[in-house]
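I have placed the structure first, in the form of structure tokens, so that the comments after it can refer back to it.
The values are calculated or read from the model by the stated rules, or taken from the named source; none is laboratory data. The shown structure was predicted, so the numbers you read here are calculated from the model rather than taken from an experiment. Cβ placement follows ideal geometry from the backbone for every residue including glycine, while neighbour counts extend to all protein chains displayed.
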Amino acid sequence: MKIRIYTSAALTSVANAVPGLPLWQLAPTRDTAGARLTDFMMLIPRLRSRPSVEIERASHDIQAVLALHQDVVFADLNLKLNLLWVSLRPRPGAISELVAAIRLRVPEAVLVGHYADPR
């Protein structure tokens, strides 16, 4: 699993990534076996404006949750946008489990999803 955590100016933690490269070029769409991956985004409001100690705590909490899930293959925490992107192997309920686990550790994180009009 690759986890990138960066600010607009510098990388805090990097795994084979170049700062400034668009996420669509970095996030994998298939795993090593060629199977398609799924992904989700979470917004963490005002994370970048918090003290560095709180940012570190949140990033460590997120990393701890993601490390426990074998399905996660890539994660990107963009502090400039206050956005967490996670790519994982599809499994029924996997996204719900991860989102719930992240929200237990970082309660202000919210899942970003599209709105589907029920009509």
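For beta carbons closer than 9 Å, sequence separation of 6+ or different chains, a first residue in segment 34-47 that is closer than 11 Å to Val72 by Cβ and a second that is part of a loop (DSSP other than H, G, I, E, B) and among the β-branched types (Val, Ile, Thr), the qualifying pairs are Leu37/Thr29; Asp39/Thr29. Restricting segment 24-57 to residues that are at pLDDT below 90 and in contact with a Phe, Trp or Tyr (Cβ under 6 Å, 6 or more places away or on another chain) leaves a set whose member that is surrounded by the fewest Cβ atoms within 10 Å (Cβ to Cβ) is Pro28. Remark: pairs (first residue in segment 48-63, in contact (Cβ under 8 Å) with a residue 60 or more places away in the chain; second residue surrounded by 12 or more Cβ atoms within 10 Å (Cβ to Cβ) and aliphatic (A, V, I, L, M); Cβ separation under 9 Å; 6+ apart in sequence or on different chains) = Gln63/Ile3; Gln63/Ile5; Gln63/Ala75; Gln63/Leu77. Within segment 55-91, being within 22 Å of Arg30 (Cβ to Cβ) and either part of a helix (DSSP H, G or I) or among the charged types (D, E, K, R) (or both) holds for Leu66, Ala67, Asp71, Asp76, Arg89, Arg91. The C-beta contact set for segment 94-110 (first residue more than 15 Å from Leu68 (Cβ to Cβ), second residue among the charged types (D, E, K, R) and assigned to a helix (DSSP H, G or I), distance under 7 angstrom, 6+ apart or interchain) comprises Ala109/Arg103. Would you call Pro107 loosely packed, with under 11 Cβ neighbours inside 10 Å, of a type outside the set (A, V, I, L, M, F, W, C) and not in a helix (DSSP H, G or I)? It is true that Pro107 is loosely packed, with under 11 Cβ neighbours inside 10 Å, of a type outside the set (A, V, I, L, M, F, W, C) and not in a helix (DSSP H, G or I).
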